[in-house]
1. With respect to W318, is the statement that it is closer than 13 Å to T105 by Cβ and surrounded by 20 or more Cβ atoms within 10 Å (Cβ to Cβ) true?
2. Quick check on my filter: what residues within region 144-154 are more than 16 Å from the ligand (Cβ to nearest atom) and either assigned to a strand (DSSP E or B) or in contact with a strand residue (DSSP E or B) (Cβ under 9 Å, 6 or more places away or on another chain) (or both)?
3. Here are the criteria: (1) under 28 Å from Q264 (Cα atoms); (2) more than 18 Å from the chain's Cα centre (by Cα). Tell me which single one G299 does not satisfy.
4. Name the residues in region 34-83 that are touching a residue at least 12 places away in the same chain (Cβ under 8 Å) and among the acidic types (D, E), would you?
5. What single numbered condition from (1) within 20 Å of V185 (Cβ to Cβ); (2) away from the ligand (no atom under 16 Å from the Cβ); (3) surrounded by 18 or more Cβ atoms within 10 Å (Cβ to Cβ) fails to hold for D225?
6. Does V81 fit the bill of being away from the ligand (no atom under 16 Å from the Cβ), at pLDDT below 95 and farther than 21 Å from L257 by Cβ?
7. Do you know which residues across region 90-143 are at positive phi and within 12 Å of the ligand (Cβ to nearest atom)?
8. With the requirement that a residue be over 24 Å from L322 (Cβ atoms), under 17 Å from the mean Cα position of the chain (by Cα) and more than 11 Å from the ligand (Cβ to nearest atom), what does region 191-222 give you?
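The values are calculated or read from the model by the stated rules, or taken from the named source; none is laboratory data. Since the structure is predicted, the reported quantities are computational estimates derived from the model, not experimental observations. Using ideal geometry, Cβ is built from the backbone for each residue, glycine included, and neighbour counts are taken over all protein chains shown.
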Amino acid sequence: MTTATTPAAHPGFPVSLDVERIREDFPILASLVRGKRLVYLDNAATTQKPQTVIDAVARFYSAENANIHRGVHYLSERATVAFDAVRTHVATFLNAPSPRQIIFTRGTTESINLVAQSFGRSVLGPEDEILITGMEHHSNIVPWQLVAEVTGATVRAVPITDAGELDLDAFDRLLNPRTRLVAVVHLSNALGTINPVRELADRAHSRGVPLLVDGAQSAAHVGVDVQALDCDFFACSGHKVYGPTGVGVLYGREELLERMPPWQGGGDMIASVTLERSTWAPVPAKFEAGTPMIAEVIGLGAALEYVESVGLPAIASWENELLAYATARVGEIPGVRLIGTARRKASVLSFVVDGVHPHDVGAVLDDEGIAIRTGHHCAQPIMQRFGLPATARASFAFYNTRSEVDALVRGLDRVRAVFG
Ligand SMILES: Cc1ncc(COP(=O)(O)O)c(C=O)c1O
């Protein structure tokens, strides 16, 4: 049995994870792939779902389905209450001051596009700059390029060091009176680096500049407190927090959300409509045009309940142990080079094998039932920074075990034997 005893969140109260027991809650983990027991190490792409999430979505469609906010009938009222309760739950999960600051979107990508199209379009002009970093996912690069194209603004990027950390001196130089927003990833999906978000927020705020955090990876792995981070926007995706695809969250500072115009028009986001003009509903409805992803939001609520029942301090500790173990074991394989060796990391191990294309690494591992990701991880500028076309990436969740890391190491030995 794999039981992880983790450092206590509160001294004197040891936290432990019964990983084997937890794995029973995730039906897919018992699957055979190519005749072998699945070893799922692609959690940064998407996480697997516990039975409670699968059941919540199935129950909604089989017994509770109705549109929300419109009907006076029983099912509609119940669905509305359940949907609104998840907004409150998300606010608690992120420690947002109020559920009004939680907007449901399709995912991190849509959350960032919302800020770019609403906040960005309304504040940016030809003299202005948006400051991102060299370790962003495409979803925190391209939306800014799109808004820069229409406003004439410029997108600048903070360079990263050989270890895969932000160059903070360069950050200070690039942050200037023309900067209108800083947008930075919390936990890099390609390198595993955890950025010092609070420090960046302090530096940005000292110049009156708001900060957006791409929390696609951090929400499930490090525990997020938007007030402690002091960020102005925080974006994350349900499917990376053990919930369904098609749902995500944007947290925003209330005074900014109040000032921002809607970015999509339609039902539910209005206060009144005439044929000449319309007025907007208060936040968050102002940003949620049309029928939302009701079943997915209900599923997200079940996912957060599950994560809370395990506990983020215990999750983070076990994943850190796994990452340290994997870093040591994979790092000692001859011909393997780790990409991303920041001092603060979580859940992601990127590497290359000398003389073997990452796709070939992925194919040999797949033959062993081991799922990793290979490619540019939607972060081409990072690959360019390290002069690589791609890396192989193993990414961990709390249901992974040391024996799965051992399987990865055996698989990499086979890669070397095949291509050696
Ligand atoms: C750091 C980071 N940002 C943004 C995204 C985009 O998330 P989604 O595709 O769920 O919108 C991802 C997805 O991998 C990510 O890892």
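1. Working: closer than 13 Å to T105 by Cβ: no; surrounded by 20 or more Cβ atoms within 10 Å (Cβ to Cβ): yes.
Taking the combined requirement at face value, the residue does not satisfy it.
2. Here is the first cut: in region 144-154, the residues more than 16 Å from the ligand (Cβ to nearest atom) are 147-154.
Residues satisfying the conditions are V147, A148, A153, T154.
3. Unmet condition: (2).
4. Matches in region 34-83: D42, D55, E64.
5. D225 satisfies all of (1) within 20 Å of V185 (Cβ to Cβ); (2) away from the ligand (no atom under 16 Å from the Cβ); (3) surrounded by 18 or more Cβ atoms within 10 Å (Cβ to Cβ) except (3).
6. On the way: away from the ligand (no atom under 16 Å from the Cβ): yes; at pLDDT below 95: no; farther than 21 Å from L257 by Cβ: yes.
Judged against the criteria, V81 is not a match.
7. At the first step, the residues of region 90-143 found to be at positive phi are 95, 107.
Listed by number, the list holds a single entry, G107.
8. So in region 191-222, the residues over 24 Å from L322 (Cβ atoms) come out as 198-213.
Checking the rest, the ones that are also under 17 Å from the mean Cα position of the chain (by Cα) come to 211-213.
Across region 191-222, the qualifying residues are L211, L212.
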